[in-house]
Every structure is written in C-alpha cells, then in structure tokens.
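First the structure, in the form of structure tokens, and then the observations on it.
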C-alpha cells in the first residue's frame, strides 16, 4: 500500500512539474491576460494614432471653451497629458472589454474622471472643467475602439480631411491661429502615419493576404517601411535644400545687381506716433463673443464645403469626359479608399469585380430627373457587348428597385433563377403571377450576357432590340 501511495505521489508531482496548464502561458498568466499583454503595444499605437488624427476637434473645443489654456503652456500641457493618458488607459481597457457598449460606458466613467482631474490641477473654472471632461471622453473612447478598426483606411482619410478643413479655418480665427504650430506639427505627423498605414494596406492587397500579417514575410515589411521612411526623409531634405538654394540665389542676384559692393544698411524709420481717436467717436467696439466666433467658423466650414463640392463636380466631369489615364487613376484611388482588400478577404479571389453602381451611372441621373435621357444613352452605345451589359444592369437595377435583395456571390444564371423564384413568391402574395414571356426574356438575356462577358461573342443587334422591348 505504501509503495502504491508513493507511486501516486510521484506521479502527481511529475504532472505538477510538467509546466503550466493550457489556460496559462509560459509566464504563468492566463490566456486572456497573455493576449492583452501581447496586443497592448499595438493597441497603444493605434489609439495614439487615431487620437492624433482627431486632434483638431479638441483644439477647437479648447480654444473656445478655455481660451486661457492656449496662452499658458502649463494648462495646455495638462490637457495634452490628459489626452495621452486617456488614450493609453482606454487602449488597455478596450483589450479587456471588447463590446461597443462597454467602450461607451467605460469612456463615460474614465473620461470625466481624467478631465476633471486635469482641469483641477490646471486651475480651471466650471466651464473649462466641462470642456476637459468632454476631451477626456473623446480620448478614452478613441483609445478603446481604435484597435478594433485597425487597418481601415476610412478613419485615416477622414483624419486628413479634418486637418485640411482645420488648415483652412484656423488662420482666419484669432483664438485658433495661436494653435497653428501645434496643428502643423500634428498634421505632418498624421500625414506620415496615414502614409505608413495605407502602404501596409496596399501590401496586404497586392499579396492577397488581407488581414493575415503572417502571410507577408517580416523582411519584406521591414524593407518596405525603410523604403517609405527613406522617401519621406528625401522629400524633407529636398524641401530644405531647395529653400537653402533659393536663398543663396536671391543673395547672389542682390549682390550682382548692386554692382558687387555691399550697400550700407538702411536705418529703419521710426514709426509715427499713434493718433488717438477724437472724443466724439466714443469707446472702441467690444470684442466679439464666443457665438460670433462659432458662427464665423460655421460660415468658413460652409465655404470650404462648397469648394469641396465644386472640386468633386470637377472630378466627376473629368471622369466622364476626360482621357482614359485620368479615369484609371480615379478608379485606382476609389478602390484604395473603398478598402477593396477587406472585401477580397471576405469573398475570396475575384476574377472580375462588378457592382450595381458605378461612376458611369452618373450619366443616367440627369435623365432620371428630366426624362428622355435614357434613350440617348442607349443610342450612344455602339458595341453589342456594351449594350447587353447595359440591358443586364438595367434589368438587375429594376428588380432591386422593386424589392429584390441582390446576392453578389451568385453567378448571372443563378441570379436569374433567384429573381424568377422571388417574382413567383411576390406575385403569389399579391395575386399576380409573372408571365412566362418575362421569365424567358430574362433567361435569354443572361445567356447573351454570359456569352459576351466570358466568351467574347458579339450578340445580334436585332435580338438585343427585341430583348429590350420585351424587358420593359
């Protein structure tokens, strides 16, 4: 009995000495804690990056809600430290609680606590404490939710748009003009950050790896980042060198035009004495209030929005009427902004990508508003392949407009069968069964479409005209 007990004891000790369980890692931490520890540096990086992209928003709130903090570096330092601490703490909390409502609740608790603490330490009043509490909520929520949006190009492009609008508005507003050095430095850092992030997204797209970083070799990623950093340094050096060369050329031209002799320095004239206003003019007008500054900023924002709308209309016109090079460039830019790599990751490899909407559909919009334009659009199409694609797209858009839910993974033939089934079910509910002629026309259209798209066969023009009449 003693030997058997000793054997059990030795077996138990052997099992205990084999190492940590499956729920623990080599350091003795549990699996969630180990994952948090592993992902925390990346979460901090993404949280600080997103906070940097949103920096103009708290700067505007600080300029109008606590103007004294802009003139005193100590108060401004407390607020910036609050944002930094809120983003770091929020990133750690976001890794432990990953639901959206948890992020919102935690930011509503953490943000005001940090904001009120920073405001009290900086000696702010009640209004400034409310501003710092709001800034704390923004910083905490950005830190919590940024890691879940990692790799999405929309937030980075939106940040650049925010900086562009801020760069147009800040110089014309006296409270905001004092923050231009901070805005310029943060904007340059944001541009570098966006360039690196979009570059990584582009690499994942061209390698068809999507969000799986292990597919891309570490040496390739490192080489690409070094190359991007070298390009940025070369651009900065070229800018500094061009300024230095231009200054040297100006100095040389001034020396040559003066005959090679240095002119004696001209004494600066003394400024004339400032004239006092006459007594009958009264006191000078008071400084504009906060609401005046807010309305001025809104008007500037509206003006900037109008300018952006004009630029967008110009781009649409160039896409429709410009050369093919501009159209291909805009197609590539739109594919990058839409995040096509994420869609490829979800749907797998796509031989040919198509959608229900494209920029070419903008040509149909005036016709839908005024009438009569659709017929001229049909007449503009010369090749039979273009016309059968147009018929297929119009037939598909017509059914989706009547309530059909389009499924992109289906082939054209499967889509036609699904639409026919949907029409039968919808007709049975409404008491109107679709005719066999319409179903036969749809099947014939799909056959012509597949032959033109995949087989390169040109359909007969008379047959297309007949199909167009039957599908109306």
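The values are calculated or read from the model by the stated rules, or taken from the named source; none is laboratory data. Quick caveat: nothing in here was measured; it's all calculated off a predicted structure. Every residue, glycine among them, receives a Cβ derived from its backbone with ideal geometry; neighbour counts consider all protein chains shown.
The requirement of being in a helix (DSSP H, G or I), closer than 25 Å to residue 319 by Cα and modelled with pLDDT under 70 is fulfilled nowhere in segment 410-430; no residue meets it.
Looking only at segment 181-193, decide whether some residue is closer than 19 Å to residue 85 by Cβ, in contact with a helix residue (DSSP H, G or I) (Cβ under 6 Å, 6 or more places away or on another chain), outside any loop (DSSP other than H, G, I, E, B) and without any contact (Cβ under 8 Å) to a residue 60 or more places away in the chain. No, segment 181-193 contains no residue that is closer than 19 Å to residue 85 by Cβ, in contact with a helix residue (DSSP H, G or I) (Cβ under 6 Å, 6 or more places away or on another chain), outside any loop (DSSP other than H, G, I, E, B) and without any contact (Cβ under 8 Å) to a residue 60 or more places away in the chain.
When each of 89, 113, 106 is tested for being surrounded by 17 or more Cβ atoms within 10 Å (Cβ to Cβ), assigned by the TED database to the domain that holds residue 62 and more than 16 Å from residue 46 (Cβ to Cβ), the lone residue that passes is 106. Remark: pairs (first residue in segment 437-452, free of Cβ contacts under 8 Å to residues at least 12 places away in the same chain; second residue buried (at least 16 other Cβ atoms within 10 Å of the Cβ); Cβ separation under 9 Å; 6+ apart in sequence or on different chains) = 451/388; 451/459. Among the candidates 340, 327, the residue that is at pLDDT 70 or above and either more than 30 Å from residue 171 (Cα to Cα) or loosely packed, with under 11 Cβ neighbours inside 10 Å (or both) is uniquely 327.
Here segment 377-388 is the region considered, the condition is being in contact (Cβ under 8 Å) with a residue 24 or more places away in the chain and surrounded by fewer than 17 Cβ atoms within 10 Å (Cβ to Cβ), and the residue that is farthest from residue 447 (Cα to Cα) is 378.
A single member of 204, 222 is part of a helix (DSSP H, G or I) and modelled with pLDDT under 70, and it is 204.
Checked against the criterion of being modelled with pLDDT of 65 or more and part of a helix (DSSP H, G or I), segment 274-291 has at least one qualifying residue.
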